[in-house]
Amino acid sequence: GNVHSILPKKSAWTNSYWDEFVSLPPVVPRGPVALLGLGAGTAAHMMLEVWPWIQLIGWEIDPTIIELSRDYFGMSSLEKATELGGSLSVRIGDALSPSATVEGGFAGIVVDLFADGKVLPQLQEAETWLEIAKKLMPDGRIMVNCGGADTPVSLAADTGVSSWVQNPTIKALCSAFPGQVRVIVTRPLKLYIFDRWCEMMSS
């Protein structure tokens, strides 16, 4: 299965896909950023470390994870405002629910939704992404981790973009946002950037 969350002792950096989420705030308007699939708050720790002014709103469906995260992953400290006013607001519920939004829209949306090590099936449907995009403010962007434990080894070993676009989640995004997607593959093969609308990663 996938690693759910980590909290390094000596640095906020993880040397994993969470590090890439930190690149989102500079390329979106000022405004709240949604974390759909908060987990134990790895991404929130990093984003507030680098951008202490940012307002994060994180959705997690499992209240037990939130309880344990507050006790053992330092999430409680993220819920208190930094000196520059940034903080994490935790919402327990379905991240894909129509109610998972804010007035005026999000500046950015991070999507990191998995079950049993696999990307949620809903994320393989273009309609889901169109609904998520409606929650953005003008010029907002989406960043997505779409590599699960079920990602074929043959894809993980292939350095070409053409192989990765066979990923069902990437196909759905391309269908939802035709002509608005630009893919950049980095080494190790983790980051996919979808210009204008989406930035995507495969972990």
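The packing ranking, built from the mean of other Cβ atoms within 10 Å per residue, places the peptides 26-36, 42-52, 95-105 in the order 42-52, 26-36, 95-105, highest first. Around the amide H of Leu136, modelled in the peptide plane, lie the amide H atoms of Phe106, all under 5 Å away and 5 or more residues distant in sequence or on another chain.
At a probe radius of 1.4 angstrom, the accessible area of region 38-109 per residue rounds to 47 square angstrom. What percentage of the solvent-accessible surface of region 26-80, computed with a 1.4 Å probe over protein heavy atoms, is contributed by carbon and sulfur atoms? Carbon and sulfur together cover 56 percent of it. Measuring against 27 Å, Cα to Cα, the residue pairs Lys80/Lys118; Lys135/Lys171; Lys80/Lys135 contain Lys80/Lys118 as the ones spanning a longer distance. Counting charges near Thr101 (Lys, Arg +1; Asp, Glu -1) among other residues having Cβ under 9 Å from its Cβ returns a value of +1.
The values are calculated or read from the model by the stated rules, or taken from the named source; none is laboratory data. If you're wondering where the values come from, they're calculated on a predicted model, not measured in any experiment. Glycine gets a Cβ as well: all are built from the backbone with ideal geometry, and neighbour counts include every protein chain shown. Protein only, heavy atoms only, side chains kept; ligands, DNA and RNA dropped before computing areas. Shrake-Rupley method; radii C 1.70, N 1.55, O 1.52, S 1.80 Å.
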